[in-house]
Amino acid sequence: MRFIISKSIRSANHLRKYFYRNRNISPQSADRTLLKKFNSQRPLGPMPKICYAPWQNLFFNTNGEGIMCCKNTKVVLGKYPQNSIHEIWFSQKKELLQNAINNNDLSKGCFKCYDAIKQNSISSMTSIFYDKYGLLPQTNYPRVLEFELSNRCNLACIMCSERVSSSIAKQKDESYKHQEIYDEEFVNQLDEFIPHLWEAKFFGGEPFLIDIYYKIWDKIIERKPRTKIVVQTNATFLNDKIKKLIQKGNFVLSVSLDSVNKENYERIRKNANFEKTIENIHWFGKRQKDLGVIATPFRENWKDIPDIIRFCNEHEYHLNFSTVYYPTNLAFWTWDTGSLKKILDLYKSIELPQKNNAQRKNKNSFLELISTIENWYESKLKNENFNEEFLGYISDQQIQIDDESVLKVNGKNIAEAKEKFFKNAKNLNKNEFEKLIQKFQPQTFSLPVDIVYLELISVDISTIIDVINKSDEAEISRKIKNIFNKASTKYIYEV
Ligand SMILES: C[S@@+](CC[C@H](N)C(=O)[O-])C[C@H]1O[C@@H](n2cnc3c(N)ncnc32)[C@H](O)[C@@H]1O
Ligand code: SF4
C-alpha cells in the first residue's frame, strides 16, 4: 500500500512540476525569485507550501517542550507533563504556525530553513524531509514524531552542549544530577498517536542509553511494526540487546563521524574510542544499505572533511552535514574572512567522483557546505557588523505566540497604519522616511517591511525625528530592524 502511495506521489510530483514551474508561490513575497529557485530545487519537485512540518510533525525536546520541528525552538506548542501530548498537538499555536507557513512567512522561528534557502543549501534542510508527506491526504494526527527526550550521553563532544549531553552537564557542574522529565505516562499517551505514525525519530543524548526509548520502540514494534524508526547515534557501543532489537524493528540508523583521523576524532568526541566506533559503523553499514553519516564541520575538523567524504564514498555511506551555529567560538560563521578563505580554497580544490548514488549525494552535500561557507564569507566582506547581526537573528529567544497576543493583520490594516502615521508626522519628509524603511531587507519571505508602521504609530514622533537627526544610516537601519523583528513576532500577516 505504502509503495503504491509513494509511486503515486512521484507521478503527482511530475505533474506538479509542470503546473508550478511558472507560478509564484506568493504574489506578495519580497523574495519571489529565491522562493521560485527553492521550489525548483526541491528533491520531490515544487510544492504549494514551503514546509509541511506543522501538519505532519511533533518534536519533544529535553526540556519537555513540544515544538513543530527540531529547528524551530522559538515557538513552544506546550510542555510535558503540564500539558498532555494531546493538548500539545492540538494547541492553537500550531494553527498560528500553519497560518504563517501558508503565507510563506518564515519569521516565526524558522530562520534556519530560511537561511538554508538563502544559501542554496537545500538538500540537508529540515523542511525538505517533510515534503514526502505533503501530498498525502491530511489527517488530524502527525505522521512523524521526533524524540529528544533525554540528555543521557556517554560522550562530551567539544562542540555539543549540556542540554543534550549529561556528560557535558557533569563536566560543567559536578553536582549535576541527571533527571528524566518523560515517564511511563508519556509512553501511555503515545497510544493515541502510534496508529497514525509512519516515522519516529530518536535523538539524544545517546539514544541507545536512554531507557524510555526501549519502551517506545517495543510499543511501536508491537502496535505498528512497519513504522520507520530512525536513530541518530554516536555509534560508540553496540551490544547483543541492541543488535537483536535492530533486526526486529524497521530501524534506519544514522551515525555521527567528525573525523577519520583517530587523534582528531578522540579529541573532538571525548570518551569515545575511534576503532570501536568504526567497527560499529561498519556493522550498521553491512545491515543497512545507504547508511547515513552526519559530520559536523567546525573550526576543529575543517581539514578532516575531505577525508570523511572519501571514507563515505568508499563504503557508499550517505553523508550529510550538521551546521554549527553554536558554540559561536567554534562555528565557521564567526571566523575571520582570512580563515574562511583558507577553507574555501582547500574545499574548492577537491575533485569528487560521481559514479554511484552515494558519491553523487556526498558531492552534493559538500557543494552545499561550500555554498554556505561562501555566503558567510561574502556577507562578512560586505558587512562589518555581520557577526552581531547574525547573532541577533539566530538567537534562541522564544517567540510568544498565543491566542491573545497574536494579531492577524492584512495589507489594509498596514496601509491604514501607514496613513495614520504620516498624518501625525507632519514634520517628517515622507519620501525620505519611506526610502529609509524600504532599504531594510526583512529576513522573511512574505512579511512586508511596512508592518513597522503598525509599531511606529504608537511611538512619539519627536523621538523618531531625534533618532533620525542623531544617528548614522547603519544605526537607523539597526533600529528599523529591531522594530521589524518585534512586529514580526506580534502579528500574523494574512495575504
Ligand atoms: C546532539 S547529537 C545526538 C545524537 C548522538 N548523540 C550523536 O552524537 O549522533 C546529534 C547530532 O548533532 C551534532 N551536533 C553536536 N553539536 C552540534 C552543534 N553545536 N551544532 C550542530 N550540530 C551539532 C552531532 O555531531 C550529531 O551528529
Ligand atoms: S555523542 Fe551526541 S549528544 Fe553526546 S556529546 Fe556527542 S554530539 Fe552531544
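The values are calculated or read from the model by the stated rules, or taken from the named source; none is laboratory data. Note that the structure is predicted; figures quoted are calculated from it, not measured. When we count neighbours, we look across all protein chains shown, and the Cβ atoms used for this are built from the backbone with ideal geometry, even at glycine.
The figures follow:
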| item | result |
| --- | --- |
| Qualifying residue in region 231-241 (condition: at pLDDT 95 or above, over 22 Å from Ala156 (Cβ atoms) and not polar (S, T, N, Q)) | yes |
| Matching residues in region 318-331 - criterion: being more than 30 Å from Lys286 (Cβ to Cβ) and more than 16 Å from ligand 2 (Cβ to nearest atom) | Thr328, Asn329 |
| Residue check, Ile229 of a type in the set (A, V, I, L, M) and over 23 Å from the mean Cα position of the chain (by Cα) | no |
| Residue check, Thr334 more than 16 Å from ligand 2 (Cβ to nearest atom) and part of a loop (DSSP other than H, G, I, E, B) | yes |
| Scan of region 56-69 for residues that are more than 14 Å from Glu199 (Cβ to Cβ) and of a type outside the set (Val, Ile, Thr), ordered by number | Phe60, Asn61, Asn63, Gly64, Glu65, Gly66, Met68 |
| Qualifying residue in region 195-208 (condition: more than 10 Å from ligand 2 (Cβ to nearest atom), of a type in the set (Asp, Glu), at pLDDT 95 or above and part of a helix (DSSP H, G or I)) | no |
| Extreme residue, nearest to ligand 1 (Cβ to nearest atom), among residues of region 144-174 that are surrounded by fewer than 19 Cβ atoms within 10 Å (Cβ to Cβ) and among the basic types (Lys, Arg) | Arg163 |
| Boolean, Tyr325 is within 13 Å of ligand 1 (Cβ to nearest atom), without any contact (Cβ under 8 Å) to a residue 24 or more places away in the chain and either over 21 Å from Ile373 (Cα atoms) or surrounded by 14 or more Cβ atoms within 10 Å (Cβ to Cβ) (or both) | no |
| Filter pass, Tyr214 being more than 14 Å from ligand 2 (Cβ to nearest atom), of a type outside the set (D, E, K, R) and in contact with a Lys or Arg (Cβ under 9 Å, 6 or more places away or on another chain) | yes |
| Residue tally, condition touching a strand residue (DSSP E or B) at 6+ places or on another chain (Cβ under 8 Å), in a loop (DSSP other than H, G, I, E, B) and free of Cβ contacts under 8 Å to residues at least 40 places away in the same chain, over region 277-310 | 2 |
| Residues of region 301-317 classified as surrounded by 18 or more Cβ atoms within 10 Å (Cβ to Cβ) and either within 16 Å of ligand 2 (Cβ to nearest atom) or not hydrophobic (A, V, I, L, M, F, W, C) (or both), total | 5 |
| Failed condition for Arg226, given (1) more than 16 Å from ligand 1 (Cβ to nearest atom); (2) buried (at least 20 other Cβ atoms within 10 Å of the Cβ); (3) outside any helix (DSSP H, G or I) | (2) |
| Where a residue in region 55-78 is without any contact (Cβ under 8 Å) to a residue 12 or more places away in the chain and its partner, wherever it lies, is among the aliphatic types (A, V, I, L, M), with Cβ under 7 Å and at least six apart | Ile67/Val75; Ile67/Val76; Ile67/Leu77 |
| Test: Phe274 is touching a helix residue (DSSP H, G or I) at 6+ places or on another chain (Cβ under 6 Å), within 14 Å of ligand 1 (Cβ to nearest atom), within 28 Å of Cys312 (Cα to Cα) and at pLDDT 95 or above | no |
| Region 94-121: number of residues that are surrounded by fewer than 23 Cβ atoms within 10 Å (Cβ to Cβ), more than 14 Å from the chain's Cα centre (by Cα) and part of a helix (DSSP H, G or I) | 7 |
| Neighbours by Cβ (under 9 Å, 6+ apart or cross-chain): first from region 146-168, without any contact (Cβ under 8 Å) to a residue 40 or more places away in the chain; second of a type in the set (Gly, Ala, Ser) and more than 7 Å from ligand 2 (Cβ to nearest atom) | Glu162/Ala169; Ser166/Ser150; Ile168/Ser161 |
| Lys262 closer than 28 Å to Arg310 by Cβ and away from ligand 1 (no atom under 16 Å from the Cβ) | yes |
